[in-house]
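Computed from the coordinates by the stated procedures, all read-outs in this text should not be read as laboratory data. No experiment lies behind these values; they were computed from the predicted model shown. FYI the Cβ positions are ideal-geometry reconstructions off the backbone, even for glycines, and counts take in every protein chain you see.
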Amino acid sequence: MSTRKRAFHGALTLTVALGIAAAALPVAAAERTPAAVAASARVTARAPSNAATDSDTRLRGLLHRLTTVDGGPGALVETRDRRGRTVLADGVADVTSRTPVHRDSRFRIGSMTKTFTATVLLQLVGERRVQLDAPVERYLPGVVRGHGNDGRTITVRQLLQHTSGLPDFLDHFDLLEIVENPLAHRDPLDLVNIALAQPPEFGPGEGWSYSNTGYLLVGMIIERVTGNTYGEEIERRVIEPLSLSGTSVPGDDPTISGPHPRGYVRPGADAPLLDITAVNPSVGGAAGGMISSGSDVNRFLKALLGGELLHPAQLGEMTRTRSTGGSDGRRYGLGLESRPLPRGGRYWGHTGDFIGYETAAGATFDGKQATAMVNLGPGGSDAQSDDLQAAVETALSRGSGGKVHGRR
């Protein structure tokens, strides 16, 4: 889920001014100490090659940047390929106890949730229970109405690919509400209606604009078709078959079980860090409410690209992309995006941010996966997202002397 960092930055600044209760810690407490440096972890299942060692050095530099220049308390990247697993961590999981980042950390994955949600929807397509090019109205009659938004002219595919033109509810949601009442339940229909009170961004299929609203609706379609919550379907169809023990759809549960870094926000350059680990994830829902780990996200992406979760026809639909309009070569499929690798070729994955965390993950069709996390968001440097993405791309390039090929 995109938390619209600039808007939330302003909300948090106001929060500090109002003195709203939150666990506040001095910015200086997040600075690295010799103990924190010594606690940086590396786990590998093989003897590294020279190329892998060079990549490790670059990765360590990026993680160090994330926890110094970018201001994050801690950072982690896990990469896997056919030869094994490597985990690199830097900084601390808790700025009070100075606990190092655990190699099997769990964290909120934000918009990476969309890839799980899209996978379940496409499984339903494969079962002929949902049609991609059917109007949303068929599954959610009367739900998408108002101010020019019309579910009779928007298709399921357009929801998945962000081409529906529906406004993103986060653009019109008072994020201060989360800070003031982080444990409150937020109903997906109420959040959708926030968006429907605004005119569409463009006509269905006439452009591309990221919209969390569309994925809340996809979650509602899953529930209408199956009779189960979207979370139950993700658990039954993805989490359980892949034995993703660190992955969950928490619903209204504000806690993160198992080893995990605290989640922090920084409301201003000279403001204290705020611990906002405990938050009701229903504001993210099917668009961004899940918890996972680097190991589980990598296992999920490997299974997804390897054809373990979708039939070839549905995987083909998921990886049929369109440009997002930027200059970075990013293209978006159905809940899965592709980006160019520095050495050529493309990789597949998603980024995500949820209050307290920012994440990025990617995988290639030749069997490499990488997931990175920093436990700060929003409030890092302007370069934090780029450095996180660079960590994934560097990890995917480990030991590769030539181009890494993949679908477009």
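For the range 86-125, dividing the convex hull volume of the Cα atoms by the residue count gives 95 Å³ per residue.
A simple packing score, the average count of other Cβ atoms within 10 Å per residue, orders the peptides 295-301, 364-370 as 295-301, 364-370, with the highest score first. Going by a ≥ b ≥ c, the root eigenvalues of the Cα gyration tensor, does the range 166-301 fall in the rounded group (a/c under 1.5), the prolate group (a/b larger than b/c) or the oblate group? Verdict is oblate for the range 166-301.
Would you mind classifying the range 249-408 by shape? Square roots of the alpha carbon gyration tensor eigenvalues, ordered a ≥ b ≥ c; an a/c under 1.5 is rounded, otherwise it is prolate if a/b is larger than b/c and oblate if not. Since a/c reaches 1.5 and a/b is larger than b/c, the shape of the range 249-408 is classed as prolate.
Can you compute log10 of I(q)/I(0) for the range 68-160 with the Debye formula, treating each Cα as one identical point scatterer, at q = 0.22 Å⁻¹? Computed log10 I(q)/I(0) values: -1.12. The calculated FRET efficiency for the pair Arg320 and Ala383, based on their C-beta separation and a Förster distance of 45 Å, comes to about 0.90.
Within the shell of other residues whose beta carbon sits under 11 angstrom from the beta carbon of Arg224, the net charge comes to +1, with Lys and Arg scored +1 and Asp and Glu -1. Rounded to 0.05, the FRET efficiency of the Arg58 and Ser327 pair, given R0 = 22 Å and the Cβ-Cβ distance, is 0.40. Shape of the range 131-243 from its Cα gyration tensor (a ≥ b ≥ c, root eigenvalues): rounded if a/c is under 1.5, otherwise prolate when a/b > b/c, or oblate? Oblate.
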